[in-house]
Ligand SMILES: [Zn+2]
């Protein structure tokens, strides 16, 4: 059973009553808008989004809400930003830091908009809200009061669950300093039921400097925020969350989720939401943080792949398994091959997990009418676009073995565009080549066996009116047995002759799409 269907079965058992009452199940996810968003953050979006879609498919009312956390302090400076300009804002709530451009409302919005754009583009449509709005409109006032009145209990939970010891006077709240506007530098020292007293400390954190002032202020209506693990538990209550997963970094024993769950139960008297714990999304084996800069942002990956492929990348694996995305390796051609294989099973109406993953990799709005199309192999398209003389539709028609429909052509255009972009950006050298106008020097060093094999190839090519990639592939194997040549010697001779490289695209197909006259001429030249 596909992982999403399995999880939905569990959810149906757990929330039988709520589902029966026809009240929508609330699914929640969030992202702190502290910089360009790493592609890994899309995994949570896709898992929650897919669960929401499956529930909807089964006519179970649900609402997927997505928080743009814009009220956390700015606690890191992304390398792509001007250090001098932004350092003075370190420690302020993200919604109060200026935008890197002149257009966005603030710093958080600048990065949030890019991420929201990607989420929508890949076909998930949660309801977005800003954390700062919840605080400012007083939605958190009740939770803040409860947390302050239960400071001792919260300290105990931290100690019990994670072994983290907070000092006797620690209070679960941080105030926006009235003097310097920072929230990351303040310490609340008491609460009289109406107001909190706080100090803006110079050296409390390494990444920001407080102004040293003391003050007394109401903790409500956006003047202050809860520390994030307490806040997490408060969100469960305030937003009435039923389903919320958490990434592996939060899901360890004694980790933040376990603390939040305990606070939810013991302080806010609420059963924590159904958890879906999910593994990392690595890029080249690393869990890069979004502050490290370019190379793995969600925007970049969404530019590299069409929406359906991004979705498959995100949901194709069980959440318990790590995704390791290597854009400059063979991840992308392999992902296309997997997609094509799944599509094939779907079009043959074979009902299995692959079929299911294929359906869910389509945007929900497109799922009603998935028409059968021919999917030209991505690696071959990537090769074909590097051969200027090749007519792409003709090449794809040869692959299909039948005339292309309008939709086939559209799909070809799409893959051509993404292949060109991939070759320009991440494609490894193995996939790149240039057809050699002149005979490469290395082709003059072929041994007799190589020349003999190429001669047989030439004879065969001459005997055919038109070349078929698959038939040519089979014929190459015949040449191999006839001459006794080692496969590597044969194939390197072919690639060197045309590409001046020892390896290249699938040889039979590659030769079949070359201009026949050029092919014959070159073979004649190299066997001399
Ligand atoms: Zn201050």
- request: Express in % the proportion of alpha carbon pairs of segment 413-484 at distances exceeding 21 Å.
  value: 54 percent
message: What is the distance in Å between the Cα centroid of segment 135-210 and that of segment 497-528?
response: 71 Å
task: With a ≥ b ≥ c taken as the square roots of the eigenvalues of the C-alpha gyration tensor of segment 441-526, please select rounded if a/c is under 1.5 and otherwise prolate if a/b is larger than b/c or oblate if it is not?
output: rounded
For the chain: relative contact order, % (alpha-carbon pairs under 8 angstrom, 6 or more apart): 12 percent
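Answer rounded, prolate or oblate for segment 260-391, using the Cα gyration tensor with square roots of eigenvalues a ≥ b ≥ c: rounded when a/c is under 1.5, else prolate when a/b is larger than b/c, else oblate.
Oblate, since a/c reaches 1.5 and b/c is not below a/b.
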statement: Taking N as the number of residues in segment 154-225, the ratio of its alpha carbon radius of gyration to 2.2 N^0.38 Å works out to 1.13
field: Against the rule of thumb 2.2 N^0.38 Å, how large the Cα Rg of segment 361-487 comes out
entry: 1.35
message: Using only DSSP helix segments of four residues or longer, with each worth -39500 (n - 2.57), what per-residue ellipticity at 222 nm results for the chain after dividing by its residue count and rounding to 500?
response: -14000 deg cm²/dmol
- request: With everything on Cα atoms, drop me the angle between helix 41-57 and the longest principal axis of the chain, reported from 0 to 90° to the nearest 10.
  value: 90 degrees
message: So if each residue of separation counts as 0.36 nm, and I subtract the Cα-Cα distance between residue 277 and residue 367, what length gain in nm does that give?
response: 29.7 nm
message: Suppose a student asked you for the relative contact order of segment 241-357, using Cα pairs under 8 Å spaced at least 6 residues apart; what percent would you report?
response: 23 percent
- line: Contour minus Cα-Cα span, residue 402 to residue 84, at 0.36 nm per residue, comes to 108.3 nm
statement: Most exposed first, judged by fewest Cβ atoms within 10 angstrom, 170, 422, 207 run 207, 170, 422
- line: Scaled by the rule-of-thumb 2.2 N^0.38 Å, the alpha carbon Rg for segment 209-292 gives a ratio of 1.39
message: Please rank 177, 213, fewest neighbouring Cβ atoms within 10 Å first, as an exposure proxy.
response: 213, 177
message: With angles folded into 0 to 90 degrees, how steeply does helix 331-347 sit against the dominant principal axis of the chain? Use alpha carbons for both and round to 10.
response: 80 degrees
- prompt: Say R0 is 56 Å: what FRET efficiency, to the nearest 0.05, do residue 59 and residue 160 get from their beta-carbon distance?
  reply: 0.85
task: Please express the Cα-Cα pair-distance distribution P(r) of segment 1-67 as a list of whole percents, one per 10 Å bin, running from 0 to the bin with the greatest distance.
output: 19, 48, 24, 9, 0
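Could you put 405, 32 in order, starting from the residue whose Cβ has the fewest other Cβ atoms within 10 Å?
The most exposed by this proxy come first: 405, 32.
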- request: Can you give me the P(r) profile for segment 31-104? Cα pairs, bins 10 angstrom wide beginning at 0, each as a whole percent.
  value: 17, 37, 24, 16, 7, 0
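Once you keep just the Cα pairs under 8 angstrom separated by 6 or more residues, what percentage relative contact order results for segment 329-449?
Across segment 329-449, relative contact order equals 26 percent.
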query: Cα extents of the chain along the three principal axes, largest first, in whole Å?
result: 96, 56, 41
message: Let me see the P(r) profile for segment 183-328: every Cα-Cα distance counted, bins of 5 Å, each bin given as a percent of all pairs.
response: 2, 8, 12, 13, 13, 14, 14, 10, 6, 4, 2, 0
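Take each of the peptides 61-74, 431-444, average the number of other beta-carbon atoms within 10 Å over its residues, and list them starting from the highest.
61-74, 431-444
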statement: Semi-axes (Å, rounded, descending) of the ellipsoid equivalent to segment 340-431 per its C-alpha gyration tensor are 25, 16, 12
task: Restricting to the chain, compute how many DSSP beta bridges are antiparallel as a %, nearest 5.
output: 40 percent
query: Measuring from a point 7 Å past the Cα of residue 127 along Cα-to-C-beta, which residues in segment 10-43 have an amide N at less than 11 Å?
result: 24-27
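Laboratory data are not the source of any read-out in this text; all were calculated from the coordinates shown. None of the values given here were measured: they were computed from a predicted structure. Neighbour counts are summed over all protein chains in view; Cβ atoms, including those assigned to glycine, are modelled from backbone coordinates with ideal geometry.
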